[in-house]
1. Residue separation times 0.36 nm, minus the C-alpha to C-alpha distance between residue 254 and residue 213: what's the value?
2. Under a 1.4 angstrom probe, counting protein chains only, how are 40, 256 ranked by accessible area, largest first?
3. Counting only other residues whose beta carbon sits under 9 Å from that of residue 144, what net charge do I get with K and R as +1, D and E as -1?
4. For 55, 98, 65, what's the largest-to-smallest order of accessible area, 1.4 Å probe?
5. Quick one: how many Å² of residue 170 are accessible to a 1.4 Å probe, rounded to 10?
6. What would the Debye equation give as log₁₀ I(q)/I(0) for segment 109-148 at q = 0.24 Å⁻¹, counting only Cα atoms as equal point scatterers?
7. Quick one: net charge around residue 236, please, counting Lys, Arg +1 and Asp, Glu -1 for every other residue with C-beta under 12 Å from its C-beta.
8. Of 119, 39, which has the most accessible area and how do the rest follow, probe 1.4 Å?
Amino acid sequence: MTACLLSSAAGFEPRGLPLAVTRSALALAELTTLVFTADHDLFTYEPSLPGGMRCYGAHRLSLWCIAGSGPNGMLVSRMVAIAVLVVTASGYRPRWTCVPQWFVTWSLTTGMTLPNGGDEAALVTTMLLVPVLLGDTRAWHWARPRKALAPVWAGSSYAAWCAIRCQTAIIYLSAALSKLRTPQWRDGTALYSVLVDPDYGLPLAVRSSLSPITTSGAVVGALTWSVLGVELAIAVCALSRRGARRAAGWLAVALHGGIAAAMGLFSFGLTMVALVLSLRFDDRASPSAPVTGPARSRREAPPERCPPPGREPSRPRFRIHSPACGTTADKESRCPSTSDPWIH
């Protein structure tokens, strides 16, 4: 068992397309939150939080708390965070942008008044990506790696990836089990309440056209139980073989794509899809497979040399043409005679 784990860790190669898409998706999810959400919605006034931000304890080190809650401080924090996330989403220098990405995600998640589950998942995932990316010397995370990871970085990447898989399994398992504690989810009517909710439900423009579906008990019940089934399936696939983890990615796209269409939770859905996609870091079929060195079209032959004096060539089936024999004046002293039968 230990030998198998050590072998898997030593040969682990996460620098493929799933890693690049995961990082860009996480950055885009936080970017949409910043671009399309006003400051007063991110940092809501509460009696215990006059400035709307949780700037106490270690939270004082967050970007928004350092810049301050004034208009200028809010603008500076937003501009710095957007710049970091744009560079991260582009894929430039993953080794140097992984820590700033985590810092911006941590600052936003711990500073805003009401973070959601997607923000918490993004915070933990970006933190676990740091040991994966610190050994990545590529200029862009979309590029093919030119050499294998050093053993220490391969080992740390493998450990972080195992933690991400466990985190994914725990998130979806707890989501499914917590729903089962609610009677509406057990009897198959919970999705109806969600779809017709005035704040988070279907848009009014499409709610009437979908009323035959939302008012059908059989359809609503099937959709309600399918949500629970998909969440349990993703939790199991997260700890399964590669083929099952690929299937988990498609299940996550279907689940969170439907949630985004129905409830408008785009950044949450993008974060969770990125999290499930990270289960495929070991996908060796990725087009970004490492290249250990430039390939040669042919093997370079060693330069021909004259045989030493007094030694006959072992195989008399070729003619020697060597410029190393010197000029005509001293050729006979260093090279065999042209009348030598071994040469012809």
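The values are calculated or read from the model by the stated rules, or taken from the named source; none is laboratory data. What you are looking at is a predicted structure, and each value in this text was computed from that prediction instead of being measured. With ideal geometry, Cβ positions are generated from the backbone for all residues, glycine too; neighbour counts draw on all protein chains shown. SASA here: full protein model, heavy atoms, side chains in, ligands and nucleic acids out. Shrake-Rupley method; radii C 1.70, N 1.55, O 1.52, S 1.80 Å.
1. Roughly 12.9 nm would be gained on extension.
2. Details: 40 130, 256 10 Å².
Accessible-area ranking of 40, 256, largest first: 40, 256.
3. Details: positive: 15, 138, 146; negative: none.
Its environment carries a net charge of +3.
4. Working: 55 50, 98 0, 65 25 Å².
In descending accessible area the options line up as 55, 65, 98.
5. Solvent-accessible area, nearest 10 Å²: 110 Å².
6. Taking Cα atoms of segment 109-148 as identical point scatterers yields -0.81.
7. Its environment carries a net charge of +2.
8. Descending order: 39, 119.
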